[in-house]
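Just below is one structure, and these are the notes that go with it.
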Amino acid sequence: MSFKVAIVGATGNVGREMLNILEERGFPVSEVVALASRRSQGTEVSFGDRTLKVRTLDQYDFSDTDICIMSAGGNVSKEWSPKIGKQGCVVIDNSSAFRYDQDVPLIVPEVNPDAISLFTRKNIIANPNCSTAQLVVALKPLHDFATIKRVVVATYQSVSGAGKEGMDELFTQTRAVFVADSVDVKKFTKRIAFNVIPHIDVFLDDGFTKEEWKMVAETKKMLDPKIKLTATCVRVPVFIGHSEAVNIEFEKPITADEAREILREAPGCQVIDKREDGGYITPLESAGEDATFISRIREDSTIDNGLSMWIVSDNLRKGAALNAVQIAELLVERGLIQPKKKAA
Ligand SMILES: NC(=O)c1ccc[n+]([C@@H]2O[C@H](COP(=O)([O-])OP(=O)(O)OC[C@H]3O[C@@H](n4cnc5c(N)ncnc54)[C@H](OP(=O)(O)O)[C@@H]3O)[C@@H](O)[C@H]2O)c1
């Protein structure tokens with residue numbers, strides 16, 4: 001059994017990673033179609049040792065495509081995902097357009113796989129925000145053990161989270177600083193090279209940003225609506241890999257040793273936690289890896305049942321493309337999707 005899969009946004013950071021991961025994991029494809037905007041028509045992207053010619057989204061007919069992985073931003077998704085879903089093609093959407101829709105499941109396969117069955121309502125499944133995906137992978141097994149009451153998180157998010165333009169801006173600004181050229185600010189609100197910016201996405205009335213709000217809303221939707229969470233999201237001059245300093249308050253006692261043992265066994269998690277120089281993970285080392293890495297696990301004596309830790313993952317993989325491909329695998333494993341075209 002194999003499936004015709006379309007990738008919308010195939011020329012982007014996430015779309016390219018999507019093609020790599022579909023190939024690496026041997027997802028059963030009969031055909032892969034690379035789609036983007038008219039700007040990219042005819043350009044080429046790689047899928048394993050094959051080269052795919054990019055086609056335009058608005059001239060493509062989805063009626064014989066089984067799965068569409070959307071990775072072209074919220075506006076494109078709002079316009080196209082419902083139309084594609086109505087053609088009987090299951091959409092796995094990377095944008096925030098449908099994440100908070102109660103008729104659309106928001107899925108991290110290690111956390112809430114059973115919620116996927118809801119997808120038939122709109123034929124759309126949402127992929128979470130990159131910072132939330134890695135956070136809930138680590139929180140879920142700890143919540144099962146000791147019930148989380150409250151989470152305080154500060155993020156250190158790489159520029160690839162802002163798309164290929166974000167990566168280009170860090171590169172050109174860094175070069176400009178070294179050659180004493182003028183530094184242009186286009187994509188971010190302030191200079192990102194040799195700086196950090198405590199602002200991701202738009203400001204809301206309460207002073208939080210939309211990125212911070214997303215972490216709250218998505219953690220509640222996927223893990224437990226009773227969990228209280230407060231976030232400060234910060235952009236840092238790192239190309240790939242989001243990091244998070246996390247403080248967690250539990251209802252029941254849990255020691256650092258217990259947390260370490262639980263996380264060692266938990267799906268998608270890898271513990272790297274030696275209390276010595278270099279005995280922890282940094283975002284540079286997470287790039288290209290699938291795991292959510294957890295380091296610096298320690299008890300917080302300022303509250304009852306408190307732990308602090310450092311959580312790092314490749315935002316283009318677990319934060320986006322890998323999670324989307326895992327969702328596609330879940331559809332197949334559970335027999336929730338059948339290919340439209342039978343193999344000859
Ligand atoms: N980067 C992350 O860590 C991350 C994590 C989670 C979710 N996401 C989400 O994933 C999506 C893509 O992010 P990205 O980082 O890959 O962005 P990106 O590098 O800027 O790529 C954007 C992609 O969308 C395509 N596109 C733009 N407008 C289009 C249109 N009108 N029709 C068809 N295709 C269009 C672009 O095609 P052209 O080349 O033709 O312009 C490009 O392929 C966003 O929704 C983002 O929020 C990203």
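Overview of results
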{"read-out": "Residue identified as on the phi > 0 side of the Ramachandran plot and polar (S, T, N, Q) among Asn112, Asn123", "value": "Asn123"}
{"read-out": "Unique residue being touching a residue at least 60 places away in the same chain (Cβ under 8 Å), touching a Gly at 6+ places or on another chain (Cβ under 6 Å), under 26 Å from Thr147 (Cβ atoms) and of a type outside the set (Gly, Ala, Ser) when the list is Glu244, Glu249", "value": "Glu249"}
{"read-out": "Where a residue in the range 259-288 is free of Cβ contacts under 8 Å to residues at least 40 places away in the same chain and at negative phi and its partner, wherever it lies, is part of a loop (DSSP other than H, G, I, E, B) and small (Gly, Ala, Ser), with Cβ under 7 Å and at least six apart", "value": "Gln270/Ala291; Asp273/Gly279"}
{"read-out": "All positions within the range 142-160 that are within 24 Å of Thr209 (Cβ to Cβ) and either in a helix (DSSP H, G or I) or within 16 Å of the ligand (Cβ to nearest atom) (or both)", "value": "Thr155, Tyr156, Gln157, Ser158, Val159, Ser160"}
{"read-out": "Residue count for the range 2-59, restricted to those that are part of a helix (DSSP H, G or I), within 7 Å of the ligand (Cβ to nearest atom) and of a type in the set (S, T, N, Q)", "value": "2"}
{"read-out": "Boolean, Thr209 is under 16 Å from the mean Cα position of the chain (by Cα) and within 15 Å of the ligand (Cβ to nearest atom)", "value": "no"}
{"read-out": "Top-ranked residue of the range 161-187 - restricted to ones that are in contact with a Gly (Cβ under 8 Å, 6 or more places away or on another chain) and part of a helix (DSSP H, G or I), ranked as farthest from Gln134 (Cα to Cα)", "value": "Lys164"}
{"read-out": "Residue list for the range 299-319, filter: within 16 Å of the ligand (Cβ to nearest atom) and among the acidic types (Asp, Glu)", "value": "Asp314"}
{"read-out": "Some residue of the range 78-87 being away from the ligand (no atom under 11 Å from the Cβ), touching a residue at least 60 places away in the same chain (Cβ under 8 Å), charged (D, E, K, R) and in a helix (DSSP H, G or I)", "value": "no"}
{"read-out": "Meets criteria (assigned by TED's automatic domain parsing to the domain that holds Leu142 and buried (at least 17 other Cβ atoms within 10 Å of the Cβ)) for Leu204", "value": "no"}
{"read-out": "Inter-residue pairs, beta-carbon under 7 Å, first in contact (Cβ under 8 Å) with a residue 40 or more places away in the chain and in the range 3-15, second within 6 Å of the ligand (Cβ to nearest atom) and basic (Lys, Arg), 6+ apart", "value": "Gly12/Lys164; Asn13/Lys164"}
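The values are calculated or read from the model by the stated rules, or taken from the named source; none is laboratory data. Please read all numbers here as calculations on a predicted model, not as lab measurements. Every residue, glycine as well, gets a Cβ built from its backbone with ideal geometry; the counts of neighbours run over all protein chains shown.
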